[in-house]
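The values are calculated or read from the model by the stated rules, or taken from the named source; none is laboratory data. Here the structure is a predicted model, which means the values were calculated and not measured. Quick reminder, even Gly has a Cβ in these numbers, built from the backbone with ideal geometry, and neighbours come from all protein chains shown.
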Amino acid sequence: MALDIFALLTSDGDHAQADHMFTGKAGDMVAVADVLDAVHCANRRLRAVPALASRFRNGATYPIPCVRLTKAECRVLVDAITDFGQSMPKTTKARKLADLLASSVCVY
């Protein structure tokens, strides 16, 4: 799985308010959405997670698959998947995705 994650600076160059653009193969975007669905099934209190899954599924349909998330959405994404991924064996897709996102997304 290979998602490229870019921090997008605001117009004044402020990293603190940076959005993040996720790009990759359509299949990888759908895999992220599938893991987010599993996260939501495991913890229904995470109300923002289904919307994020939907955004990744929609992003997979673009000619160049991409999803742009705000700082707050990135925090929800990383927290939800990391919490879920830690309960999974290291070899599962969820755990690999959690490790990838936790190491790649810088939430300032």
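The table that follows gives values for the structure above.
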quantity: Residues being at pLDDT 85 or above and either buried (at least 20 other Cβ atoms within 10 Å of the Cβ) or under 18 Å from Ala48 (Cα atoms) (or both) - total across segment 14-33; calculated: 2
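Here's the yes/no breakdown for (1) more than 10 Å from the chain's Cα centre (by Cα); (2) surrounded by fewer than 20 Cβ atoms within 10 Å (Cβ to Cβ); (3) not in a helix (DSSP H, G or I):
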{"site": "Arg47", "(1), (2), (3)": "yes, yes, yes"}
{"site": "Ala51", "(1), (2), (3)": "yes, yes, no"}
{"site": "Ser54", "(1), (2), (3)": "yes, yes, no"}
{"site": "Arg57", "(1), (2), (3)": "yes, yes, no"}
{"site": "Pro63", "(1), (2), (3)": "yes, yes, yes"}
{"site": "Arg75", "(1), (2), (3)": "no, yes, no"}
